[in-house]
Amino acid sequence: MTTTFTSPIEPTTSSPAEGSPLSTAHSQLAAAVDILGYDEGLHRMLATPRREIHVAVPLRRDDGEINLFHGFRVQHNFSRGPGKGGLRYHPGVDIDEVRALAMWMTWKCGVVDLPYGGAKGGVAIDPRDFSRSELERVTRRYTSEIMPMIGPDTDIMAPDMGTDDQTMAWVMDTYSVNRGFTIPAVVTGKPLAVGGSLGRGTATSAGLVHVTTAALTEAGEKLEDVSVAIQGFGKVGSHAAAIFADRGARVVAVSDQYGGVRNDDGLHMTRLLEHVAATGSVVGFDDSDPVSNTELLALPVDVLVPAAIEGVLDEHTAGHVRARYVVEGANGPTTAAGDVLLAKNGVTVVPDVLANAGGVVVSYFEWVQANQTYWWTEQEIADKLEHRMVSAYADVSGLARRQDVSLRDAALVIGVKRVAEAHQIRGLYP
Ligand code: GLU
């Protein structure tokens, strides 16, 4: 079936800045569309968010002053089900970043075959500068502003950078109080006490280790024999470091926004985690040498995990990567130019929409459990997560081999194709 637009609409911003998350997302989609042979009309449909909202979020500070923040929610696609995706609190949040992140959620849910479309939200705020009660007020006001857009059958939020399980509890409570009854399935990644799922907190990291293991196994290698460097020591990076170390890999370097530490014999994980709990950073950990974030990206390791923010592997840094595998814990850590350099140097990139999909997979399990009001054991969740991640890796890797394309192109092709098929089978209304 062909789709053509007689009066074309611009898919989001007409020309996002080169290297920006939206330009990266657009060029990844364009590559998949090219492989799939879709026409320009379908391409534009896939590139264009279904709904967007931009809200003002006023906050009364603890000292009485009023601040105003920009908040966004973008619902990129609903062809396969309700929108799904995180809520980000970061000073750099803008509408184009949220558009990119929402689009990646659509393909991510497609790759791991979840009955969801993609969405994302964000508030341009630095959560470190605000008290807990200020963050609660921001969260509740943002939730009220976007109330008409969200719901357990329309758009389901989860934590992302700068937000956590407590944030989700506030969203859930605000939504529920306004509707008049408790609706746990409006968010995932919430605390266990209000209907969260066992295993959700570590799910992204556990999934990342599963796909890394699958990639190594395919190449006849073992996790026990590899060294790992991890950029970013937040929710994804810290748990990934712990799980990698627990499974026998040598985690030789980690970093956060303040700097990094390195020990080629392997960092002592239990003591490192204690140090971070006590000081708030990996910096200053004894039994290690300092390493900068840029140096970490260029270390001669087997596996490099960028687990911080978008665009860190770009035309300046990607050419220096000496890892054999880049496993993307963050969303969009590699720009289009970065991808070209990594491919040129023979680095295997396990792309974000596959590598970090474990979080949304267990979000889905949480939503299913909330909808049936019956909770599974931690072991059941761990087994189902592993099965889904390993089989998604096999699908992506199989397609990459058959079509002689990168794992990124293969993952995008699988995700995009599932969405396009659903879109075409449903047909256009009216
Ligand atoms: N924020 C996470 C992501 O980017 C999780 C999203 C979710 O669970 O809905 O994948």
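The values are calculated or read from the model by the stated rules, or taken from the named source; none is laboratory data. Remember, it's a predicted structure, so these values are computed and weren't measured experimentally. Counting neighbours? That spans all protein chains shown, and the Cβs are built from the backbone with ideal geometry, glycine included. Note: accessible area is taken over every heavy atom of the protein model, side chains too, but ligands, DNA and RNA are not part of it. Shrake-Rupley method; radii C 1.70, N 1.55, O 1.52, S 1.80 Å.
Worth a mention:
- Residue within segment 194-213 that is touching a Leu at 6+ places or on another chain (Cβ under 6 Å) and away from the ligand (no atom under 16 Å from the Cβ) present: yes
- Cross-chain or 6+ apart pairs with Cβ under 9 Å, segment 299-318 first and closer than 17 Å to Lys235 by Cα, then part of a strand (DSSP E or B) and of a type in the set (D, E, K, R): Ala308/Asp256
- Cβ-Cβ distances below 7 Å connect the following pairs, each with a first residue in segment 181-201 that is assigned to a loop (DSSP other than H, G, I, E, B), a second residue that is open to solvent by 60 Å² or more (accessible area, probe 1.4 Å) and within 12 Å of the ligand (Cβ to nearest atom), and a separation of six or more residues or different chains: Gly189/Asp165; Lys190/Asp165; Pro191/Asp165; Gly196/Asp165.
- Selection from segment 371-392 of residues that are open to solvent by less than 10 Å² (accessible area, probe 1.4 Å) and over 13 Å from Leu198 (Cβ atoms): Met389, Ala392
- Annotation: Ile156 fulfils all but one of (1) out of contact with any strand residue (DSSP E or B) (no Cβ under 6 Å at 6 or more places or on another chain); (2) within 12 Å of the ligand (Cβ to nearest atom); (3) β-branched (Val, Ile, Thr); the unmet one is (1).
- In this entry, Asn331 passes the filter for residues that are of a type in the set (S, T, N, Q) and assigned to a loop (DSSP other than H, G, I, E, B).
- Wholly within segment 334-399, helices (runs of 4 or more DSSP H) carrying at least 1 residues that are more than 11 Å from Val112 (Cα to Cα) and within 16 Å of the ligand (Cβ to nearest atom): 352-355, 358-372
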